[in-house]
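Computed from the coordinates by the stated procedures, all read-outs in this text should not be read as laboratory data. What you see is a predicted model, and the numbers here were worked out from it, not measured in a lab. Heads up, the Cβs are rebuilt from the backbone with ideal geometry, glycines too, and the neighbour counts pull from every protein chain shown.
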Amino acid sequence: MNLFRYFHRRTSIKTKGVIYVVILILFIFLTVSALVMSTVRNNLIEQLDQFHWSIARKLAQTASDVLLSRDYGFLMEQIRQLKSAEEVSRVTIVDTRNIIVASDQVAEIGARDRELNRVLQARTGNRPGYVKSGPDILMPIEIGGDLLGALRVGFDWQAENRRIDRELGRTIRQILYLALLIFALGIGGAFIISRVLTRPIIELSRKIEQFDREIYPQNEFRRGSDCRDESLQLQDAFGRMMTNLRTYLEQNRKISEERERLTCMAAIGQMSAQIAHEMRNSLYAIRGAVAGLEKADGLDERGDYLDVMKEEIREMTRMSDDFLQFARTPQPELVPCRVDTVVQRVIELLEPDLEEANISVIRQGREVPPVMADATLLKRAFMNLFLNAIQAMEDGGTITVEYQRQEKYVAVSIQDDGPGVPEEINLKVFQPFFSTKLNGTGLGLPTVYKLVVSQHGDVDLEDSEIGARFTIQLPIAQQDGD
């Protein structure tokens, strides 16, 4: 078993394919050869036996005429010719008295033959007289049912066996030639088929090794496989890749967790810095107003300073509310709702702003199924997108709202006619505190992203030739029977 495993690992599929084909062809060759040789030998023996019986019958026919005419010299001449042609080795003919009247052995003429006497007696008793005794054929001589005598014809089976061996030798050579041709075709075919089958396996193994090096180049334990079998090489390469991939993913998970912690710390630091900066500016303004208030003489002048202080306090309150809303997004309560109804409510709330900015709203494709969402949080998300669009179109324009069904989602696109978002900052628009506005906090679009993702949806800034196009995807609510 260990030897077989060693052979299996250290031999390529092409080599094993050739070896297996050779073994199979050899097994088939030996089996077919044994069957063919046995069949040919039996056929040759049967043909010789039939030939011998035909000689015996012809000789019996000739002997019947001779026994009637008593021309024994002619019969002896026939026996001599058969002997010289090496077709027979022994001939003995007796008459009804069991007296030998012709034989290849002249000394036997006039004697009696015990075995031929039994043939005569059997035929007289109406029993079959045909007998085969070893290499000899014993048969009665008859004409029209009348018994005239009996004959014995013997054959040299050693010579016949040599003849059979020569015929078998020719048959073996023909089988060998055919076997050589089959071997050549079989080995060539096995090599070609194995090469065709192993080529994609080798290519896949190479790609797996390349991918393994790309994802985990610092692996110090990578080594080539010690086996030659291409399927085992693929198995080893895949196993190493899976091991290294698990290690890589584990390391990447740890790095991602560490990066997430660092990102959170950086966000907290950035938020603190932003809050401190904005608060400090407002506090400077309030301090200045307090100093002016202390020096003011009239009520009007004091009223102006008080107005400045109230405005700064309102600004600080608004900024605090923005930060708190971004940091404290409530847990959504997902229920089936009509997204067009939510958009309609947002349009109604912003109608004064839309009229003041000279902006119209066009809605397309409203017939979409309900979505699973929190209508309150969804309204906040659409409110932010509409406010961004209104602020982007200073000279008025059109906001286009388009509804589409995309497999298991409903997509809602909001597009304005403003200047759009520069391509170089496309990836930054959803980052907290990033803003291109002078007085912006950079929390509008990040809030939209946070609200939509919390409802198992997605939001994206799509490419658009005119203005900015934001698309929100929300999962379709499951209907009864779905």
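Numbers for the structure displayed
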quantity: Amide proton proximity set for Ala373, modelled H, under 5 Å, gap of 5+; calculated: Val335, Cys337
quantity: Candidate aspartates and glutamates - alpha carbon under 18 Å from Lys408, same-chain residues fewer than 8 apart omitted; calculated: Asp340, Glu367, Asp374, Asp458, Asp460, Asp480, Asp482
quantity: Ser89 long-range amide H proximity, modeled H, under 5 Å; calculated: Gly154, Phe155, Asp156
quantity: Pairwise FRET efficiency - Ile28 versus Val196, Cβ, R0 = 25 Å, nearest 0.05; calculated: 0.60
quantity: Inter-label distance, nm, simple model (7 Å from Cα along the C-beta direction), Leu306/Lys58; calculated: 15.4
quantity: Cα gyration tensor shape for region 1-215, rounded if a/c is under 1.5, else prolate or oblate; calculated: prolate
quantity: For region 10-117, the Rg and Dmax computed from alpha carbons only, in angstrom; calculated: 26.3, 87
